[in-house]
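The values are calculated or read from the model by the stated rules, or taken from the named source; none is laboratory data. This structure is a prediction, so every number in the text was calculated from the model and none was measured. With ideal geometry, Cβ positions are generated from the backbone for all residues, glycine too; neighbour counts draw on all protein chains shown.
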Amino acid sequence: MIGSLSKAIRKNTSPPVRTLRTAGGRLRHPDTTLVFLVEAAHLIVEDWAGQKVGAHGLGLHLTVFYPFFPVSRLEVSHQDGLAEILAAVEPIEYSLTRTGLFSGGFYLAPEPAEPFIDLTQRIQARWPRLQPYRGHYDTVIPHVLISDGHQATPNIDTLEGHLPINAKASALTLARETFRGWRTIRTYQL
């Protein structure tokens, strides 16, 4: 792998992409995602949960687009296209005002939600074949997932007592899925 990585760097190409195994045992190519990291809520949510929270390698985040492109298909032109879209986007001041529930997992909802929905729609308009969440949902609900339902969840009322949490989305992270979690590819300042 090291030799392949060295050759890829010299040729200015990506290293070979291995497949990942899903929970159901199927193999698939790793994806990329676009997120805003939510540092303002990190300590409060970790204290509430009594453990580390957020996707491995990303921490707490507000997802703008998942999946973006598979790692094997991500090109410089896609990254440049994102930069063009984001050039017209101002930093978003928002508050995490309430909790919600997805399939047994809790999330924090940002207000206002519209700027995040608008950004998701702009990205999809640029690449119409991409579908947020692979098209599994009719609408996109901006959220910060704080519990995925796989672990015991403390009393949500305890966390709600700390709301609202004020935050600012000023840097969009493009991250790639790896065997060891998510890794940042590029950060776009708004």
Between a residue in segment 56-82 that is under 22 Å from Pro128 (Cα atoms) and any residue that is part of a helix (DSSP H, G or I), which pairs come within a Cβ distance under 6 Å, given they are 6 or more apart or on different chains?
Val64/Leu119; Val64/Thr120; Phe65/Thr120; Phe65/Ile123; Phe65/Pro132; Phe69/His78; Gly81/Arg126
Which strands (runs of 3 or more DSSP E) sit wholly inside segment 28-121 and have at least 2 residues that are of a type in the set (S, T, N, Q) and modelled with pLDDT of 95 or more?
32-37, 92-102
Just give me the residues in segment 141-190 being without any contact (Cβ under 8 Å) to a residue 40 or more places away in the chain and over 20 Å from Thr63 (Cβ atoms), in sequence order.
Ala152, Asn155, Asp157, Gly161
Given the structure, is Ala113 of a type in the set (A, V, I, L, M), surrounded by fewer than 17 Cβ atoms within 10 Å (Cβ to Cβ), assigned by TED's automatic domain parsing to the domain that holds Leu174 and closer than 23 Å to Pro67 by Cβ?
yes
Single residue of Ala41, Ala49 found to be over 16 Å from the mean Cα position of the chain (by Cα) and of a type in the set (A, V, I, L, M, F, W, C):
Ala49
Determine whether segment 146-156 contains at least one residue that is modelled with pLDDT under 95, among the hydrophobic types (A, V, I, L, M, F, W, C) and part of a strand (DSSP E or B).
no
Are there any pairs with C-beta distances below 7 angstrom linking a residue in segment 84-108 that is free of Cβ contacts under 8 Å to residues at least 60 places away in the same chain to a residue that is basic (Lys, Arg), with the two at least 6 apart or on different chains, and if so which?
Ile85/Arg122; Ile85/Arg126
Return yes when Pro128 is touching a strand residue (DSSP E or B) at 6+ places or on another chain (Cβ under 9 Å), within 20 Å of His78 (Cβ to Cβ) and not basic (Lys, Arg) and no when it is not.
no
Subset of segment 122-134 (residues that are surrounded by 13 or more Cβ atoms within 10 Å (Cβ to Cβ) and free of Cβ contacts under 8 Å to residues at least 24 places away in the same chain):
Gln131
Mind counting the residues in segment 35-73 that are more than 28 Å from Glu114 (Cβ to Cβ) and either surrounded by 18 or more Cβ atoms within 10 Å (Cβ to Cβ) or of a type in the set (A, V, I, L, M, F, W, C) (or both)?
2
Working only within segment 135-147, note down all residues that are surrounded by 10 or more Cβ atoms within 10 Å (Cβ to Cβ) and either out of contact with any helix residue (DSSP H, G or I) (no Cβ under 8 Å at 6 or more places or on another chain) or not assigned by TED's automatic domain parsing to the domain that holds Ile85 (or both).
Tyr137, Ile141, His143, Leu145
Filter segment 165-190 down to the residues that are of a type in the set (S, T, N, Q) and closer than 21 Å to Glu75 by Cα, then identify the one that is nearest to the chain's Cα centre (by Cα).
Thr173
